[in-house]
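Following this message is one structure expressed as structure tokens.
The values are calculated or read from the model by the stated rules, or taken from the named source; none is laboratory data. If you're wondering where the values come from, they're calculated on a predicted model, not measured in any experiment. Quick reminder, even Gly has a Cβ in these numbers, built from the backbone with ideal geometry, and neighbours come from all protein chains shown. We work out accessible area using only protein heavy atoms, side chains counted, and drop any ligands, DNA or RNA first. Shrake-Rupley method; radii C 1.70, N 1.55, O 1.52, S 1.80 Å.
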Amino acid sequence: MPVFRFTVNGEPREVDTFDARPLLEVLREDLQLTGTKYGCGEGQCRACTVLIDGAPALSCITPVRSAAGKRITTIEGLARDGRLHPVQQAFAQEGAMQCGYCTPGMILQTVALLEKNPSPARAQILQALNGSLCRCNGYPRIVAAVEFAARLQRSMTAQQEVVHAAE
Ligand code: FES
Ligand code: FES
């Protein structure tokens, strides 16, 4: 079987597997990164979202060969030095989860959105998360969490700029 190499959450990894195998399966079963969830398995719910080179991708319909040589981020890769990523922090503080099954995918979609647009309007948030399904129907809190995450990230960026200016 071919060997595929990529970076997962900053670490170089390699797997020896079939080239058409879904990336989701490789992450969960070979690399034991079970934070990425299997929902529908056919690209319809976004529970399996990961970032590939910073862009959201549905790992259930992404063959592992497509990820070769790329930078993959899963939910396990967001926290730094024991501190939650601001988007994780916002989801927790807003209580934007019930069973939590959709949450890793929602958070990664949000990370990608805020990377492109640090101040999204509500309509832009709805558009970005359209297609990310929550079976618990917690959408109002999820939208509130995205808005909070945007505010949090902007204030952290402003604080960092003040620190840099003082150095
Ligand atoms: S599990 Fe991938 S989109 Fe549903
Ligand atoms: S919190 Fe249960 S599916 Fe979204």
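Over the Cα atoms of the chain, what radius of gyration and what Dmax do you get, in Å?
16.5, 55
Can you pull the accessible area of Tyr38 for me, 1.4 Å probe, Å² to the nearest 10?
That residue has around 120 Å² of solvent-accessible surface.
Expressed as a whole percentage, what fraction of the accessible surface of the chain belongs to carbon and sulfur atoms when a 1.4 Å probe is rolled over the protein heavy atoms?
50
Let me ask something else about it. Please compute the modelled spin-label separation between Gln159 and Thr34, points set 7 Å along Cα→Cβ, answer in nm with one decimal.
For Thr34 paired with Gln159, the spin-label model returns 3.4 nm.
Okay, moving on. Which value, in Å², gives the accessible area per residue of segment 35-167 when a 1.4 Å probe is used on the protein heavy atoms?
On a per-residue basis, 54 Å².
Please compute the length gained on full extension between Arg65 and Asp81, using 0.36 nm multiplied by the number of residues separating them and subtracting their Cα-Cα distance.
2.6 nm
Suppose a student asked you for the relative contact order of segment 14-78, using Cα pairs under 8 Å spaced at least 6 residues apart; what percent would you report?
For segment 14-78, the relative contact order is 35 percent.
Additional query: From Cα pairs below 8 angstrom and at least 6 apart in sequence, can you work out the relative contact order of the chain, rounded to a whole percent? All intermediate terms of the calculation are to be shown ahead of the outcome.
Values: 273 pairs, mean separation 36.9, N = 167.
Worked out over the chain, it gives 22 percent.
Hey, with R₀ at 22 Å, roughly what FRET efficiency would Asp53 and Ala92 work out to, going by the Cβ-Cβ distance, to 0.05? Don't skip to the end; give the middle numbers.
Working: r = 27 Å, r/R0 = 1.23.
For R0 = 22 Å, the calculated efficiency reads 0.20.
Now for a separate question. Given 0.36 nm per residue, what is the gain on full extension from Ala20 to Ala123 after removing their alpha carbon distance, in nm?
Computed gain between Ala20 and Ala123 is 33.5 nm.
Based on DSSP H assignment, which helices of the chain show an axial Cα extent of at least 18 Å together with a mean Kyte-Doolittle hydropathy greater than or equal to 0.5?
Helices passing the filter in the chain: 103-116.
Same structure again: Placing +1 on the Cβ of each Lys and Arg and -1 on the Cβ of each Asp and Glu in the chain, which of Asn117, Gln160, Gln32 has its Cα farthest towards the positive end of the resulting dipole?
The residue sitting most towards the positive pole is Asn117.
Can you tell me the length gained on complete extension of the stretch Glu167 to Val143, counting 0.36 nm per residue apart and subtracting the Cα distance?
5.0 nm
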